[in-house]
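Peer 1: Let me give you the structure first, and then I'll get to my questions.
The values are calculated or read from the model by the stated rules, or taken from the named source; none is laboratory data. Worth saying up front: this structure is predicted, and the values here are computed from it rather than measured. Positions of Cβ are backbone-derived with ideal geometry, glycine not excepted, and every protein chain shown enters the neighbour counts.
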């Protein structure tokens with residue numbers, strides 16, 4: 001969807017850092033810009049930046065503003081901002097494409113039909129959309145390693161349901177506002193439960209506790225409930241039968 | 001194993017430290033102790049690194065038996081405490097001999113009490129820290145029957161004390177403007193500053209609800225925002241206009257607008273305010289807030305040189321505060337009270 005150009009803004013976040021925002025609404029372009037800009041500043045290795053992150057539309061640089069002057073850092077970030085159009089900048093390298101098997105509909109994901117209806121699609125078309133759209137990890141949040149994946153077609157701009165579902169399980173694919181969220185842990189939610197995987201988004205005992213990173217891409221592939229049960233029976237590492245390949 | 005055997009533990013006892021930085025991008029917030037000043041005070045009393053892990057206790061502590069000679073320091077919100085039924089002083093360091101039982105009872109002031117131990121608790125390190133982060137499934141509450149391992153202690157001094165500051169009874173809290181402050185009308189911001197809030201009993205390590213009389217603080221301009229970064233101290237205004245101060249275990253992002261952010265040095269005052277205590281928020285500019293915080297950081301760094309010898313006889317001096325008022329006079333004539341620690 002085309003909107004008037006948004007001029008990126010730089011704000012302080014408490015005394016904890018600086019936030020560079022690329023959109024007033026969650027758009028794909030704003031998210032790409034946030035990821036690309038964060039990678040660029042990270043590569044510069046500024047000593048003032050303790051760590052960085054990106055949200056749906058912003059890049060955050062954690063800086064102790066009691067020790068480092070906000071205005072000076074704001075000016076330096078503005079200089080980097082001015083070097084290019086970040087919404088059309090290539091995403092950083094060293095990203096991963098994940099292919100994650102999941103069950104769509106049925107007892108393991110009982111709200112596929114409801115979500116399809118909200119999107120004005122048949123159940124078959126809804127499943128086809130969810131398994132043919134290459135999604136990007138827009139951001140990780142709410143729970144550790146938990147991805148917000150986007151962006152689905154406009155039909156999927158479906159609101160959260162009014163009531164909360166009390167406990168949607170870890171590994172669930174839930175849909176709302178053109179995004180899929182893949183749950184790290186059992187979570188009450190207003191998003192609709194459209195798929196179920198055995199992919200663990202947070203593996204604290206593993207060498208790779210956070211398998212996904214912002215900018216990674218995810219392709220879901222449909223399996224049967226029986227296949228999911230077989231994967232779950234041998235899933236101590238939490239891989240959930242997912243395949244990974246390098247996106248260079 | 002060198003450690004403390006937990007004969008009894010209260011329902012809100014967990015190992016904490018300064019937290020787990022470096023994973024914001026992965027959706028894991030820093031966490032760590034709710035009252036970081038208390039951790040620094042404990043480290044100063046034991047003359048050790050403030051990064052060492054401590055025990056954070058809410059409501060009540062527990063009964064802990066030392067498997068070897070230990071040093072401890074008690075900081076933060078005051079709780080009753082004794083070693084083998086002999087009362088000991090809060091905001092002070094003590095020896096706990098092998099086999100002795102340290103009992104930490106109910107809270108008397110504040111909300112979070114801390115048991116600091118010489119050498120630090122040596123529970124498993126996960127992602128670079130020992131901080132228990134319950135909402136993220138890292139670590140667990142301390143349970144009866146377990147033994148909490150303690151690292152070797154390089155120090156030896158005990159019987160030291162620090163004068164506590166006044167952060168345990170609510171009061172004035174300074175706030176800097178943040179991302180969405182300007183989205184709130186100035187009339188709402190003014191009313192926010194003029195309002196006397198009460199800490200709601202609905203509070204935990206993620207956030208603390210602030211009660212007030214009169215209308216809420218929601219603002220139509222600030223209603224519809226994209227989910228954005230949260231930092232500890234952020235004051236979010238929920239849909240019904242209620243402020244919540246977000247604490248150490250807050251989520252990394254959230255969709256409610258933030259009216260401002262509590263200065264890190266004033267966050268322990270919010271954390272420690274008991275339910276029902278009155279709190280008032282006042283804005284300072286970013287520049288002034290940075291200067292205030294820099295001074296507070298410098299003060300924290302000087303804590304190790306602020307400790308003084310504890311002159312005490314718990315059986316006759318139950319009230320540390322009144323005792324300290326006449327510190328010099330008593331220590332001059334009763335130096336023998338130093339003995340026995």
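Peer 1: Got a sec? Which of B:81, B:34, B:131 is in contact with a strand residue (DSSP E or B) (Cβ under 6 Å, 6 or more places away or on another chain), assigned to a loop (DSSP other than H, G, I, E, B) and away from chain A (no Cβ under 14 Å)? Break it down stepwise before answering.
Peer 2: Values: B:81 fails: assigned to a loop (DSSP other than H, G, I, E, B); B:131 fails: away from chain A (no Cβ under 14 Å).
Being in contact with a strand residue (DSSP E or B) (Cβ under 6 Å, 6 or more places away or on another chain), assigned to a loop (DSSP other than H, G, I, E, B) and away from chain A (no Cβ under 14 Å) holds for just one of B:81, B:34, B:131, which is B:34.
Peer 1: Name the residues in the stretch B:236-277 that are within 14 Å of chain A (Cβ to nearest Cβ), surrounded by fewer than 24 Cβ atoms within 10 Å (Cβ to Cβ) and part of a strand (DSSP E or B), would you?
Peer 2: B:236, B:253, B:254 - these are the residues of the stretch B:236-277 that are within 14 Å of chain A (Cβ to nearest Cβ), surrounded by fewer than 24 Cβ atoms within 10 Å (Cβ to Cβ) and part of a strand (DSSP E or B).
Peer 1: A further question follows. State the number of residues belonging to the stretch A:172-188 that are over 14 Å from residue A:110 (Cα atoms) and within 17 Å of the chain's Cα centre (by Cα). Working first, answer last.
Peer 2: Taking the stretch A:172-188 and keeping what is over 14 Å from residue A:110 (Cα atoms), we get A:176-188.
Still in the running and within 17 Å of the chain's Cα centre (by Cα): A:176-185, A:187.
Counting residues in the stretch A:172-188 that are over 14 Å from residue A:110 (Cα atoms) and within 17 Å of the chain's Cα centre (by Cα) gives 11.
Peer 1: Right, something else. Among what's in the stretch A:1-53 and is over 22 Å from residue B:293 (Cα atoms), assigned to a loop (DSSP other than H, G, I, E, B) and facing another protein chain (nearest Cβ under 9 Å), pick the residue that is modelled with the highest pLDDT.
Peer 2: That would be A:23.
Peer 1: I'd like to verify a number: residues in the stretch A:54-70 that are in a strand (DSSP E or B) and at the interface with chain B (Cβ under 9 Å from one of its Cβ atoms), how many? If you could, list the steps in order and put the result at the bottom.
Peer 2: Quick first cut of the stretch A:54-70, residues in a strand (DSSP E or B) only: A:54, A:58-62.
Within this subset, residues satisfying the condition of being at the interface with chain B (Cβ under 9 Å from one of its Cβ atoms) are A:54, A:58, A:60, A:62.
Residues in the stretch A:54-70 being in a strand (DSSP E or B) and at the interface with chain B (Cβ under 9 Å from one of its Cβ atoms): 4 in total.
Peer 1: Now for a separate question. Return a yes/no flag: does the stretch A:101-109 have any residue that is under 19 Å from the mean Cα position of the chain (by Cα) and either at positive phi or not in a loop (DSSP other than H, G, I, E, B) (or both). Before you say what the answer is, go through the steps one by one.
Peer 2: To start, the set of residues in the stretch A:101-109 that are under 19 Å from the mean Cα position of the chain (by Cα) comprises A:101-102.
The next check asks that each one be either at positive phi or not in a loop (DSSP other than H, G, I, E, B) (or both); those that pass are A:101-102.
Yes, that holds for at least one residue.
Peer 1: Ok, one more. State yes or no: is residue A:240 touching a residue at least 40 places away in the same chain (Cβ under 8 Å) and under 14 Å from residue A:98 (Cβ atoms)?
Peer 2: Numbers: touching a residue at least 40 places away in the same chain (Cβ under 8 Å): yes; under 14 Å from residue A:98 (Cβ atoms): yes.
So residue A:240 fits the description; yes.
Peer 1: If you don't mind, another one. Within 14 Å of another protein chain (Cβ to nearest Cβ) and farther than 21 Å from residue A:27 by Cα: does that describe residue A:187?
Peer 2: yes
Peer 1: Residue B:108: surrounded by fewer than 16 Cβ atoms within 10 Å (Cβ to Cβ) and within 21 Å of the chain's Cα centre (by Cα), yes or no?
Peer 2: Working: surrounded by fewer than 16 Cβ atoms within 10 Å (Cβ to Cβ): yes; within 21 Å of the chain's Cα centre (by Cα): yes.
Yes.
Peer 1: Out of B:72, B:5, report the one residue that is under 21 Å from residue B:163 (Cβ atoms), more than 14 Å from every other protein chain (Cβ to nearest Cβ) and assigned to a strand (DSSP E or B).
Peer 2: Values: B:5 fails: under 21 Å from residue B:163 (Cβ atoms).
Result: B:72 is the single residue among B:72, B:5 that is under 21 Å from residue B:163 (Cβ atoms), more than 14 Å from every other protein chain (Cβ to nearest Cβ) and assigned to a strand (DSSP E or B).
Peer 1: Can you tell me which residues in the stretch A:151-161 are in a loop (DSSP other than H, G, I, E, B) and either surrounded by fewer than 16 Cβ atoms within 10 Å (Cβ to Cβ) or in contact (Cβ under 8 Å) with a residue 60 or more places away in the chain (or both)? Full working, then the answer.
Peer 2: Residues of the stretch A:151-161 that are in a loop (DSSP other than H, G, I, E, B), as a first pass: A:151-153, A:157-161.
Listed by number, the residues that qualify are A:151, A:153, A:157, A:159, A:160.
Conditions (1) surrounded by fewer than 23 Cβ atoms within 10 Å (Cβ to Cβ); (2) part of a loop (DSSP other than H, G, I, E, B); (3) away from every other protein chain (no Cβ under 14 Å), marked per residue:
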position	(1), (2), (3)
A:118	yes, no, yes
A:125	yes, no, yes
A:130	no, no, yes
A:148	no, no, no
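Peer 1: Does residue A:171 fit the bill of being at positive phi and more than 14 Å from chain B (Cβ to nearest Cβ)?
Peer 2: Details: at positive phi: yes; more than 14 Å from chain B (Cβ to nearest Cβ): yes.
So residue A:171 fits the description; yes.
Peer 1: Does any residue in the stretch A:124-135 that is over 20 Å from residue A:114 (Cα atoms) come within less than 6 Å, Cβ to Cβ, of a residue that is in a helix (DSSP H, G or I) six or more places away or on a different chain, and which pairs are these?
Peer 2: Pairs that qualify, where the first residue is over 20 Å from residue A:114 (Cα atoms) and the partner is in a helix (DSSP H, G or I): there are none.
Peer 1: Moving to a separate point now. Here is a check on your reading of the model: is residue A:190 farther than 22 Å from residue B:138 by Cβ, surrounded by fewer than 20 Cβ atoms within 10 Å (Cβ to Cβ) and modelled with pLDDT of 95 or more?
Peer 2: Numbers: farther than 22 Å from residue B:138 by Cβ: yes; surrounded by fewer than 20 Cβ atoms within 10 Å (Cβ to Cβ): yes; modelled with pLDDT of 95 or more: no.
Against the criterion (farther than 22 Å from residue B:138 by Cβ, surrounded by fewer than 20 Cβ atoms within 10 Å (Cβ to Cβ) and modelled with pLDDT of 95 or more), residue A:190 does not qualify.
Peer 1: Go through the stretch B:158-185 and count every residue that is outside any strand (DSSP E or B), away from chain A (no Cβ under 14 Å) and modelled with pLDDT of 95 or more. Full working, then the answer.
Peer 2: Going through the stretch B:158-185, the residues outside any strand (DSSP E or B) turn out to be B:158-159, B:162-170, B:177-185.
When the remaining residues are screened for being away from chain A (no Cβ under 14 Å), the result is B:158-159, B:162-170, B:184-185.
Next, from what is left, pick out any that are modelled with pLDDT of 95 or more: B:158-159, B:162, B:167-170.
Residues in the stretch B:158-185 being outside any strand (DSSP E or B), away from chain A (no Cβ under 14 Å) and modelled with pLDDT of 95 or more: 7 in total.
Peer 1: Can you pull out the residues in the stretch B:8-31 that are within 24 Å of residue B:103 (Cα to Cα) and part of a loop (DSSP other than H, G, I, E, B)? Talk me through it step by step, then tell me what you get.
Peer 2: Initially, the stretch B:8-31 is screened for residues within 24 Å of residue B:103 (Cα to Cα), giving B:8-17.
Within the stretch B:8-31, B:10, B:11, B:12, B:17 qualify.
Peer 1: Also, quick follow-up: Cβ contacts < 6 Å: first residue surrounded by 12 or more Cβ atoms within 10 Å (Cβ to Cβ), restricted to the stretch A:69-82; second residue part of a loop (DSSP other than H, G, I, E, B), any location; separation 6+ or different chain. Result?
Peer 2: Going by the 6 Å Cβ cut-off, the qualifying pairs are A:81/A:8.
Peer 1: Which is surrounded by fewer than 18 Cβ atoms within 10 Å (Cβ to Cβ) and either assigned to a loop (DSSP other than H, G, I, E, B) or at the interface with chain A (Cβ under 10 Å from one of its Cβ atoms) (or both), of B:290, B:296? Even if it seems obvious, please write down each step before you answer.
Peer 2: Details: B:290 fails: surrounded by fewer than 18 Cβ atoms within 10 Å (Cβ to Cβ).
Checking each option against the conditions leaves just B:296.
Peer 1: Take the stretch A:132-146 and flag every residue that is part of a strand (DSSP E or B) and closer than 15 Å to residue A:220 by Cα. First the steps, then the outcome.
Peer 2: From the stretch A:132-146, those part of a strand (DSSP E or B) are A:135-140; that's our starting set.
Across the stretch A:132-146, the qualifying residues are A:135, A:136, A:137.
Peer 1: Could you please find all residues in the stretch A:162-210 being in a strand (DSSP E or B) and farther than 30 Å from residue B:131 by Cβ? Break it down stepwise before answering.
Peer 2: Start the filter on the stretch A:162-210 by keeping residues that are in a strand (DSSP E or B), which leaves A:165-168, A:172-176, A:179-182, A:187-189, A:192-197.
Result: A:165, A:173, A:175, A:176, A:179, A:180, A:192, A:193, A:194, A:195, A:196.
Peer 1: Count, please, the residues in the stretch A:224-243 that happen to be in a strand (DSSP E or B) and surrounded by 14 or more Cβ atoms within 10 Å (Cβ to Cβ). Before you say what the answer is, go through the steps one by one.
Peer 2: Applying the first criterion (in a strand (DSSP E or B)) to the stretch A:224-243 yields A:243.
From what's left, surrounded by 14 or more Cβ atoms within 10 Å (Cβ to Cβ): none.
Selection size over the stretch A:224-243: 0.
Peer 1: Could you check how many residues of the stretch B:214-225 are part of a loop (DSSP other than H, G, I, E, B), surrounded by fewer than 21 Cβ atoms within 10 Å (Cβ to Cβ) and in contact with a strand residue (DSSP E or B) (Cβ under 8 Å, 6 or more places away or on another chain)? It would help to see each step written out before you state the result.
Peer 2: Quick first cut of the stretch B:214-225, residues part of a loop (DSSP other than H, G, I, E, B) only: B:214-219, B:223-225.
Filter once more, keeping what is surrounded by fewer than 21 Cβ atoms within 10 Å (Cβ to Cβ): B:214-216, B:218-219, B:223-225.
Those still in the list that are in contact with a strand residue (DSSP E or B) (Cβ under 8 Å, 6 or more places away or on another chain) too: B:216, B:218-219.
Selection size over the stretch B:214-225: 3.
Peer 1: For the stretch B:146-153, indicate whether the set of residues that are in contact (Cβ under 8 Å) with a residue 12 or more places away in the chain and out of contact with any strand residue (DSSP E or B) (no Cβ under 7 Å at 6 or more places or on another chain) is non-empty.
Peer 2: Of the residues in the stretch B:146-153, the ones in contact (Cβ under 8 Å) with a residue 12 or more places away in the chain are B:146-153.
Still in the running and out of contact with any strand residue (DSSP E or B) (no Cβ under 7 Å at 6 or more places or on another chain): B:151-152.
Looking for residues that are in contact (Cβ under 8 Å) with a residue 12 or more places away in the chain and out of contact with any strand residue (DSSP E or B) (no Cβ under 7 Å at 6 or more places or on another chain), one finds at least one in the stretch B:146-153, hence yes.
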